[in-house]
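Have a look at the structure below, then the notes.
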Amino acid sequence: MSVLTPDPGLVDPSTGSRRRRVGLLVVIALLVLSNVMANRVIPGWAYIPWNFGMAVALLFVAHRAGTGPVAAGLGIRHWHRPVGVGLLLAAGTALIFGIGMAIPSTRDAFIDSRARDASIGLMLYQVLLRIPLGTVVIEEVAFRGVLPALMGASPAIRWKWGPVMGASFLFGLWHILPSIGIATGNAAVSDVLGGNQFVATVLAVVSMTVAGVLMCGLARLGKGIKTTMLLHWATNSLGFVAAWLLMH
């Protein structure tokens with residue numbers, strides 16, 4: 001036997017699992033740091049470079065833990081199906097939003113104070129840059145790609161409830177800080193909850209956990225997180241455009 005070839009009997013079979021566990025802990029720590037920094041510390045201009053850079057860092061940690069881009073739902077050679085399914089879902093989202101804006105009883109659900117004072121330039125910045133590069137990329141890479149893969153299974157490749165539920169619950173917790181202020185900032189939410197921030201936060205966590213599971217299901221349907229990136233972008237961006245149009 002060559003001295004350059006390790007004896008299979010001497011290789012610790014738990015090494016790969018241990019590397020994934022360590023990688024998972026590092027990724028969770030980075031996400032906690034990123035959530036606080038993005039929502040409470042960094043200035044607005046740094047939101048995109050910080051979150052995009054953090055997404056790259058998460059992929060690097062996953063790579064070092066033995067999880068490549070295919071396991072994270074980002075296989076370069078596999079793009080026709082995920083992009084095609086994502087575009088269909090984005091078109092469906094646009095149709096639903098258009099119908100919702102046209103019906104008086106559902107129009108208030110689109111009213112968002114963050115769009116009230118936005119110029120057309122700021123609106124385009126939000127829709128074309130801040131949301132896709134600053135919000136969508138890190139959330140999809142983290143919660144539909146890296147986290148479930150490090151927990152044992154990527155939803156884009158193989159469905160396992162443990163990783164899906166774990167990543168989705170963390171996705172719900174991720175929205176605690178962003179949810180602060182929604183009880184008074186959104187007209188429909190304010191009317192229903194009477195400005196109760198605690199209830200609004202709990203509902204945000206629960207609803208985003210459920211949304212996380214659904215998004216994992218769509219990543220499975222599209223065989224990649226490019227599908228959920230397109231849907232996530234459409235939901236957030238078109239929601240902002242709807243609010244902007246209704247308030248200007």
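Principal-axis analysis of the Cα atoms of the chain puts helix 80-102 at an angle of about 20° to the longest axis. Using the alpha-carbon positions of the range 24-75, Rg (one decimal) and Dmax (whole number) come out as 12.1, 34 Å.
Taking label positions 7 Å along the Cα-Cβ direction at both residue 96 and residue 83, the computed distance is 2.4 nm, reported to one decimal.
If we sort 104-112, 86-94 on the protection proxy, mean other Cβ atoms within 10 Å, highest first, what's the order? Show your work: numbers first, answer last.
On the way: 104-112: 15.2, 86-94: 17.2.
Result, highest mean Cβ count within 10 Å first: 86-94, 104-112.
The alpha carbon centroids of the range 79-157 and the range 200-248 are separated by 5 Å.
Percent relative contact order of the chain, based on C-alpha pairs within less than 8 angstrom and at least six residues apart?
Numbers: 341 pairs, mean separation 73.6, N = 248.
Computed over the chain, the figure is 30 percent.
Using the 10 angstrom Cβ neighbour count as an exposure proxy, how do 215, 151 rank, fewest first? Before the final figure, lay out each step's value.
Numbers: 215 27, 151 20.
Going from sparsest to densest Cβ surroundings: 151, 215.
Could you please rank 175, 63, 248, 232, placing first whichever residue has the fewest other Cβ atoms within 10 Å of its Cβ? Working shown, then result.
Working: 175 20, 63 15, 248 12, 232 26.
Starting with the residue having the fewest Cβ neighbours, the order is 248, 63, 175, 232.
Taking the fewest neighbouring Cβ atoms within 10 Å as the starting point, the ordered list for 138, 48 is 48, 138.
Among 118-125, 67-74, the peptide with the highest mean count of other Cβ atoms within 10 Å heads the list, and the full ranking is 67-74, 118-125. Only DSSP H runs of four or more residues enter the estimate; each adds -39500 (n - 2.57), and after division by the residues of the chain the mean residue ellipticity at 222 nm equals -20000 deg cm²/dmol. At an R0 of 30 angstrom, the distance between the Cβ atoms of residue 176 and residue 247 translates into a FRET efficiency of 0.65. Considering only 37, 208, 229, the Gaussian network model of the chain with Cα springs below 10 Å gives its largest mean-square fluctuation to 37.
Applied to the range 198-212, the Karplus parametrisation 6.51 cos²θ - 1.76 cosθ + 1.60 on θ = phi - 60° returns per-residue 3J(HN,Hα) values of 4, 5, 4, 5, 4, 5, 5, 5, 5, 5, 6, 5, 4, 4, x Hz, with x for Gly and Pro. Taking 7 Å steps out from each Cα toward its Cβ at residue 52 and residue 165 produces label points 3.8 nm apart.
Since every read-out is calculated from the coordinates, none of them should be taken as a lab result. Computed from a prediction, not measured in an experiment: that's the story for all the values here. A quick note on method: Cβ atoms are made from the backbone with ideal geometry, for glycine too, and the neighbour counts reach across all protein chains shown.
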